[in-house]
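Comments concern the structure below.
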Amino acid sequence: MKIAVEGCCHGELDAIYAEIARLEAQNSYKVDLLIICGDFQAIRNHRDLACMAVPDKYKRLGGFAKYYTGEAKAPILTLVIGGNHEASNYLWELYHGGWLAPNIYYLGHAGCVQVNGVRIAGASGIFKPGDFHLGNYERPPYNHGTMRSIYHIREFNVRRLSLLSSPTIFLSHDWPQGIEHHGDLRDLLRRKPYFRDDINKGVLGSPPMMGLLRTLRPAWWFSAHLHCRFEATVVHQDQNADVAHGAMHDEAGSSVEKTNPDEINIDDEDGPATDATLQAAAKNGAERPSAVPINPDEIMLDEEADDVEAPPPPPPPPSKTRFLALDKCLPRRRFLEVIDIDVPSPSPGSPVLAFDPEWLAITRVFNQYMSLGRSQSTYPDEGPARDAVQQSLDWVKEHVLAGKGNGLARVDEVQQFVMTAPGPAKDEPKAPPPYYPNPQTAAFCSMLQIENKIGFPPAASSRAS
């Protein structure tokens, strides 16, 4: 499957789709899926601009509105996450994910879906330590502070994502903190010299995202935000240590990793035992033992030979995560690339977007811990959380996936796009928009038989918290 990956969108959907069409004509291939790594700017009308944190000179309608109203349709299935310049009121309507417009799907504040069997997970927003441990207390109309804090990623979502098994692809707007040390840092600083201070202070990027990268070990990780192309490779040497110190633990206060990506880690677990054996043999005056002690005069019976234990298999090679950050959509910028991904479930025709069963199970378990106030309730420990997710997965298989082809629930069988807010008009008021409950969120919560904490008007949500 050919996947086009784009950095920051900034409302330039027409230009992005045009670039994909140009690449398709130039290279004689067909792109199956477009991924956009934040700052999508799903502005439906001018009132939505009151909910986007950008200087006034950047408050413009952009190209999304015509895709929202049906004047245009996305030619390619498009998956997006949120960044730090969004119509946060609209993204909140679809907190669990949903269709922003026909053929344009938002992964939610955090989420995981499958496209032809390829698991794609993502986290919206950026990291700010002061808001990381808080609940989701922001409500429209937003003030100067809440218009920004609403897109700051919460520990709630990092903990949920950390319980996933490894996805093929992970999306974040922020770079994982320390990722610059796994690529060509010298070239990055040559192009972006003002990154140097943040790198030296260990504050470039998101600590929770690096925690997730180390825990989930996806094959690919795509980011945007810093408006430059950068690639890196993270080698996961120890197959157990990263999981033992995974993102269910508090990564928010940690500093940048003090690791050397060029260091060769030697597995010496068997060393001490072998040395002790040789020392004992030397102490007793014995010769160095052979790999398999055999008496050439002994008559070996077949059943005795079968009792000889086979040597253990060699350890698997270390896994790798390939990281790629891309620029914003502007002329002569490196904002889009096309990659090939092996597909476990090929599908003729258009790609099939399906819910990820494991993520549905995690969502069911953690919905009770989602806070609508500033304070956040205590989370379960990792062990009990994983046990609860496994039990919830059995529920999902019985109540959601039963009778489904290939054991998957297609998204479009549950969620259908609905225009909740009107499109742009000539005489729109400049006041902030009203609250719009979204039927897609209601349908998602109904499918999982969980409380819809998103579908209440602001005043009711505040009382509920």
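The values are calculated or read from the model by the stated rules, or taken from the named source; none is laboratory data. Everything quoted here is computed from the prediction, not taken from an experiment. Neighbour counts run over all protein chains shown; Cβ positions are idealised from the backbone, glycine included. Only protein heavy atoms, including side chains, enter the accessible area calculation; ligands, DNA and RNA are left aside. Shrake-Rupley method; radii C 1.70, N 1.55, O 1.52, S 1.80 Å.
If you restrict to DSSP beta bridges whose two residues both lie in region 96-223, what percentage is antiparallel, to the nearest 5?
Just about 50 percent of them are antiparallel.
Over region 348-397, give the accessible area per residue in Å² for a 1.4 Å probe, as an integer. Can you show the working numbers first?
Details: 2290 Å² over 50 residues.
Value for region 348-397: 46 Å² per residue.
Please give the charge dipole size of region 144-209, origin at the Cα centre, charges +1 on K and R Cβ atoms and -1 on D and E Cβ atoms. Round to the nearest 20 debye.
Charge dipole of region 144-209: 100 debye, to the nearest 20.
Counting only protein heavy atoms and using a 1.4 Å probe, what share of the accessible area of region 1-80 belongs to carbon plus sulfur, as a whole percent?
C and S fraction of accessible area: 49 percent.
Pairs Lys30/Lys73; Lys59/Lys426; Lys57/Lys328; Lys192/Lys328; Lys59/Lys430: which exceed 21 Å Cα-Cα? Please list the in-between numbers first.
Values: Lys30/Lys73 17 Å; Lys59/Lys426 16 Å; Lys57/Lys328 18 Å; Lys192/Lys328 15 Å; Lys59/Lys430 12 Å.
Violating the 21 Å Cα-Cα cut-off are zero pairs.
In region 74-223, if the dipole is taken from +1 on Lys/Arg beta carbons and -1 on Asp/Glu beta carbons about the Cα centre, which of Gly111, His173, Val203 is farthest to the positive end?
Val203
Could you work out how far the C-alpha centroid of region 182-231 sits from that of region 9-27, in angstrom?
26
Around Ala361, with a cut-off of 13 angstrom between Cβ atoms, what is the net charge of the other residues, counting Lys and Arg +1 and Asp and Glu -1? Before the final figure, lay out the partial values.
Working: positive: Arg160, Arg364, Arg386, Lys397; negative: Asp356, Glu358, Asp387, Asp394, Glu398.
After counting each charged neighbour, the total is -1.
Between region 44-86 and region 97-114, what's the alpha-carbon centroid distance in Å?
Spelled out, the Cα-based centre of one part sits 15 Å from the other.
Over region 10-95, with the other protein chains present, what is the accessible area per residue in square angstrom, probe 1.4 angstrom? Intermediate results must be reported in sequence, preceding the final value.
Details: 2970 Å² over 86 residues.
Accessible area per residue, region 10-95: 34 Å².
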